[in-house]
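One structure below.
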Amino acid sequence: MNSLDPFNDSSILIVDDSRAICEALTAILHDCGVSNVDYCLNGEEAYTRVERDPTAYDALFVDLHMEGMDGLELMHKLNELRYRGGIIVMSALDKKILDFTLEVISNYNLRVLGSAEKPLERTLIAFMVKRIKSYYPTVSRKEKVLKRRELYEAIKNNKVITYFQPKISAVNNTVVGLECLVRLNMGRAGVISPAAFLPVAERFELIESLTDAVLNTALPQFRRFREHTQLDCSLAINISPLQLYNNLLPETLNEYLNRHLVAKRNVIIEITENHAIREESQLKNLNRMRIHGFQLSLDDYGAGFTNLRQLKNLPFNEIKLDAQMINGIHTDKVLRIMVESVRKVTHEMGLNLVAEGISDSKDLMVISDIGVDAYQGYLFCRPKPMDELLRWHANWEKTVRQTKIVNLNDKHA
């Protein structure tokens with residue numbers, strides 16, 4: 001992908017059999033700051049281009065109704081090709097056809113980022129561009145990617161710090177958990193985000209050392225939070241799918257929990273979806289985690305490689321919808337259909353469903369209507385160091401109590 005270079009612009013391919021629509025959408029994309037735009041007037045040519053270079057385009061705008069190879073057939077072939085860019089579905093068709101299309105492609109390993117209904121609206125296209133650019137982790141111009149030695153020294157010199165973001169109950173607005181998020185405090189260089197070092201940790205086999213540092217930092221602070229708030233909540237700790245190759249992972253995690261006096265029932269292990277979980281050793285250790293009594297959460301669902309059919313064969317307790325499935329859902333019919341499908345499957349399987357990345361109250365209203373178990377996102381609280389989180393929680397509890405009093409007064413009025 002061009003996005004592997006964080007300073008390159010996104011590259012987009014439009015697939016529509018109307019030249020007028022292709023040219024109009026190209027102009028809108030240029031106005032939105034995307035200079036690398038190509039278009040094809042049929043699905044066959046689009047497939048040939050992607051087959052020739054699967055990394056050429058960060059995203060495709062695909063119309064469903066085209067002469068020859070239609071949009072659904074194109075997406076079927078892209079799935080076989082294992083295309084890993086984003087896909088935005090364009091359509092002027094009615095809801096039944098769109099519903100059927102989404103049901104079919106929900107079983108594909110495609111990254112569907114949303115839909116753009118015809119006639120195309122400039123504001124919606126601008127939003128889709130933002131979604132494409134935020135889909136791939138990038139590093140800001142102020143923040144360089146660390147080298148292996150720099151990351152090694154940072155871990156060795158105790159520069160690993162942890163921030164926490166609360167998970168809010170969709171039933172009563174109480175805090176039901178915290179997610180631990182890793183940062184590096186590089187002194188004068190400031191606090192560095194994961195995008196600058198997590199890929200380096202995975203590439204150079206420093207992910208285990210990084211996780212050890214996170215556990216030693218996060219677990220004592222979690223104990224402090226529980227003691228201070230008297231909440232029987234959980235702590236979510238992220239691990240890489242690459243760590244599932246480690247046969248000692250359950251035992252290692254047990255050692256850390258015993259050392260820091262944290263009960264296993266209060267810990268959720270989040271597996272990020274940035275790599276496919278398909279190899280026998282990974283699946284074995286995933287099941288061993290459950291056998292050892294750990295709760296498992298599939299993080300960033302919708303941004304990676306797991307489809308609805310595969311969910312039924314994986315031992316997760318919880319599914320966390322990626323922000324790309326949430327942001328803009330109040331205006332995006334496709335996203336709503338996709339989330340409703342996930343809700344139906346998780347309900348049937350008895351899994352908790354968490355909507356993360358909520359930053360818009362309009363999106364929250366739709367998610368609440370669909371019905372999830374918990375919320376997480378900037379709309380409630382940004383990731384914070386523990387001292388700041390404790391101050392936030394005191395204010396949050398006060399707000400929740402006042403809301404309950406108002407609701408009671410309304411009932412008795």
>> Tell me the angle of helix 71-80 to the major Cα principal axis of the chain, expressed in degrees between 0 and 90 and rounded to the nearest ten.
In response: 50 degrees
>> Nearest 10 degrees is fine. How inclined is helix 333-349 to the longest principal axis of the chain, computing both from alpha carbons?
In response: 50 degrees
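Distance cut-off 20 Å, Cα to Cα: go down the list LYS167/LYS320; LYS156/LYS284; LYS284/LYS312 and report the pairs above it. Kindly include the intermediate steps, with their values, before the conclusion.
Values: LYS167/LYS320 11 Å; LYS156/LYS284 31 Å; LYS284/LYS312 16 Å.
Correct reply: LYS156/LYS284.
For the chain, what does the relative contact order come out to in percent, with C-alpha contacts under 8 Å and a separation of six or more? Don't jump to the answer; show the numbers that get you there.
On the way: 681 pairs, mean separation 52.9, N = 413.
Normalised by residue count, the contact order of the chain is 13 percent.
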> Near GLY86, within a Cβ-to-Cβ distance under 13 Å, what is the net charge of the other residues, with Lys and Arg +1 and Asp and Glu -1?
Replying inline: +3
> Can you sort MET349, MET90, MET69, MET325 by how many other beta carbons sit within 10 Å, fewest first?
Replying inline: MET349, MET69, MET90, MET325
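Taking the chain on its own, what percent of its Cα-Cα pair distances exceed 40 Å?
Numbers: 16620 of 85078 pairs.
Considering the chain, 20 percent of its Cα-Cα pairs are separated by more than 40 Å.
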> When only DSSP loop residues count, what chymotrypsin sites (Phe, Trp or Tyr not before Pro) in region 245-294 have their Cβ near at most 10 other Cβ atoms within 10 Å?
Replying inline: none
> Anyone know which of LYS384, LYS133, LYS118 comes out most mobile in the 10 Å Cα GNM of the chain?
Replying inline: LYS118
>> Tell me whether region 2-135 comes out rounded, prolate or oblate; compute the Cα gyration tensor, take square roots of the eigenvalues as a ≥ b ≥ c, and use a/c under 1.5 as the rounded threshold.
In response: rounded
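State the extension gain, in nm to one decimal, for the chain segment bounded by ASP369 and SER209, taking 0.36 nm per residue of separation less the distance between their alpha-carbons.
On the way: separation 160, 0.36 × 160 = 57.60 nm, distance 4.19 nm.
So the extension gain works out to 53.4 nm.
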> For the residue pair ARG224 and SER359, what label-to-label distance in nm results when each label sits 7 Å from Cα along the Cα-to-beta-carbon direction?
Replying inline: 2.8 nm
> Cα extents of region 173-238 along the three principal axes, largest first, in whole Å?
Replying inline: 39, 26, 23
> What's the FRET efficiency of GLU255 with GLU348 using the Cβ-Cβ distance as r and R₀ = 45 Å, to the nearest 0.05?
Replying inline: 0.80
> Using alpha carbons only, how many degrees (0 to 90, rounded to 10) separate the axis of helix 280-291 from the longest principal axis of the chain?
Replying inline: 40 degrees
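Select from region 90-136 those GluC sites (Glu not before Pro) which occupy a DSSP coil region and have at most 13 other Cβ atoms within 10 Å, ordered by residue number. Write out the running numbers ahead of the final one.
On the way: sites: GLU103, GLU117, GLU121; in loops: GLU121.
Sites meeting the loop and neighbour criteria: GLU121.
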>> I'd like the Karplus ³J(HN,Hα) series for region 182-198: coefficients 6.51, -1.76, 1.60, θ = phi - 60°, whole numbers in Hz, and an x wherever there's a Gly or Pro.
In response: 8, 9, 10, 8, 9, x, 5, 6, x, 8, 9, 7, x, 4, 7, 9, 4
> Amide H to amide H, which residues 5 or more places from CYS40 or on other chains are under 5 Å from it, using H placed in the peptide plane?
Replying inline: ILE14, VAL15, ASP16
> In sequence order, what are the phi-derived ³J(HN,Hα) couplings for region 239-247 according to the Karplus relation 6.51 cos²θ - 1.76 cosθ + 1.60 with θ = phi - 60°, rounded to whole Hz, with x for glycine and proline?
Replying inline: 10, 7, x, 5, 6, 6, 7, 7, 5
> Taking amide H positions as placed 1.01 Å from N in the peptide plane, with prolines and chain starts having none, which residues 5 or more places from GLU270, or on another chain, fall under 5 Å of its amide H?
Replying inline: ILE237, ASN238, ILE239, SER297
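Give me the number: length gained by fully extending LEU314 to ASN172, i.e. 0.36 nm times residue separation minus the C-alpha to C-alpha distance, one decimal in nm.
Details: separation 142, 0.36 × 142 = 51.12 nm, distance 2.94 nm.
Taking LEU314 through ASN172 to full extension adds about 48.2 nm, to one decimal.
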> Given H placed on each backbone N at 1.01 Å, which residues far from LYS384 in sequence or on other chains put an amide H within less than 5 Å of it?
Replying inline: PHE164, GLN165
>> Can you compute the helix-only [θ] at 222 nm over the chain? Use -39500 (n - 2.57) per DSSP H run of at least 4 residues, normalise by all residues, nearest 500 deg cm²/dmol.
In response: -13500 deg cm²/dmol
> What list of ³J(HN,Hα) values in whole Hz, one per residue of region 227-236 in order, does the Karplus curve 6.51 cos²θ - 1.76 cosθ + 1.60 (θ = phi - 60°) give from phi, with Gly and Pro shown as x?
Replying inline: 5, 6, 9, 6, 9, 8, 9, 10, 10, 9
>> Can you bin every Cα-Cα distance in region 278-391 into 5 Å intervals starting at zero and give me the percent of pairs per bin, rounded to whole numbers?
In response: 2, 11, 20, 21, 17, 13, 10, 5, 1
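Here, each number is a calculation from the coordinates, and none is a lab measurement. Just so we're clear, the structure is a prediction, and the values are computed from it rather than from any experiment. Backbone-built Cβ (ideal geometry, glycine too); neighbour counts: all protein chains shown.
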